[in-house]
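Before any comments, here is the structure.
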Amino acid sequence: VNEDDFVSAIQVQKPYRADAIDLEIQKDKDHYRVLDLASRGTKASYFHNSLNGYHAAKMQRYNDVFDFYIAKNNLEVLSMLNTKYIIVPGENSQAQIYNNEEANGNAWFIKDFKGVETANEEILALDSLNTKVNAIINTTQFNNVAPFTVDSLATIQLVDYKPNYLKYTSNNSNAGFAVFSENYYAEGWQAYIDGEKVDHIRVNYILRGMDVPIGSHTIEYKFEAQVVKTGSRIAMASSIVLGILIIGGLFWEFKSRRK
């Protein structure tokens with residue numbers, strides 16, 4: 001072991017240095033995603049909400065969409081995933097930014113569904129889907145496929161974002177159906193409209209969708225996995241038992257010394 005086997009602390013704490021492109025993208029304070037085609041590794045994930053990256057535990061459906069469409073630069077799917085910036089290789093190894101003005105945003109209202117019956121049909125249908133106006137729904141799991149009237153003035157906006165909490169405001173002169181550019185994960189994420197728990201479904205193979213009533217509403221997604229709640233209760237109970245045992249042991253030792 002010698003000096004060559006070690007790195008400075010600052011290299012560990014800050015493994016990447018932001019370049020001009022990273023700084024330019026970070027000027028945009030909205031919530032969006034970035035696809036980096038110019039560099040390898042984890043640099044994009046360090047500075048941005050990145051589409052690509054690596055983790056040993058993969059979400060299978062998202063991995064399917066990555067292999068089918070993201071890795072092939074399918075712009076419609078990238079827009080569905082709210083990919084606002086794409087970093088591409090340029091001349092003389094200088095990366096450049098492509099601003100995807102067609103990105104769908106964080107959520108949007110659709111007009112109609114395309115019903116399919118299998119997972120294979122779901123993912124293949126993405127190749128020809130206009131994601132801004134239509135959504136794919138598996139009719140074997142969800143049978144509400146009625147079309148909707150979309151007011152051109154209808155809005156739905158993300159107003160608060162945390163890893164375990166999402167908050168939107170919506171306004172629509174008609175009852176509608178909203179698609180959210182977030183991964184569907186039923187084992188934890190719960191949906192609420194104006195504080196009341198409601199159902200949401202999977203659309204477009206990986207995304208979330210929800211019926212939204214007429215008028216103005218607050219929509220929230222909260223990560224409330226039962227396994228987390230159970231684990232917290234077990235940990236608390238274990239801590240209490242351990243505390244009682246320690247206090248009991250100290251009391252017993254004190255009492256024994258007095259004898």
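Quick notes on this one:
- A 1.4 Å probe run over the chain, with the rest of the protein chains in place, finds 62 Å² accessible per residue.
- The chain: mean projected area of Cα convex hull, nm²: 23.2
- For the pair the stretch 118-182 / the stretch 50-69, the C-alpha centres are spaced 21 Å from each other.
- Available extension along the chain between Phe6 and Glu101 is 29.8 nm, counting 0.36 nm per residue and deducting the alpha carbon span.
- Förster-model FRET efficiency, 25 Å R0, His217 and Ser152, C-beta, rounded to 0.05: 0.85
- The stretch 54-156: trypsin sites (Lys or Arg not before Pro) falling in loop per DSSP and having at most 15 other Cβ within 10 Å: Lys58, Lys72, Lys111
- Extending 7 Å from the Cα toward the beta-carbon at both Ser256 and Asn63 defines two label points whose distance is 5.4 nm.
- When Rg and the Kirkwood Rh are both derived from Cα coordinates, the Rg/Rh ratio for the stretch 1-123 amounts to 1.06.
- Protein accessible area in the chain, 1.4 Å probe - carbon and sulfur %: 53
- The chain: angle of helix 226-258 to the longest principal axis, Cα-based, in degrees nearest 10: 10
The values are calculated or read from the model by the stated rules, or taken from the named source; none is laboratory data. As the structure is a computational prediction, the values presented were derived from the model and not from experiment. Cβ atoms come from the backbone with ideal geometry, glycine included; neighbour counts cover every protein chain shown. Surface accessibility is based on the protein's heavy atoms, side chains included, excluding ligands, DNA and RNA. Shrake-Rupley method; radii C 1.70, N 1.55, O 1.52, S 1.80 Å.
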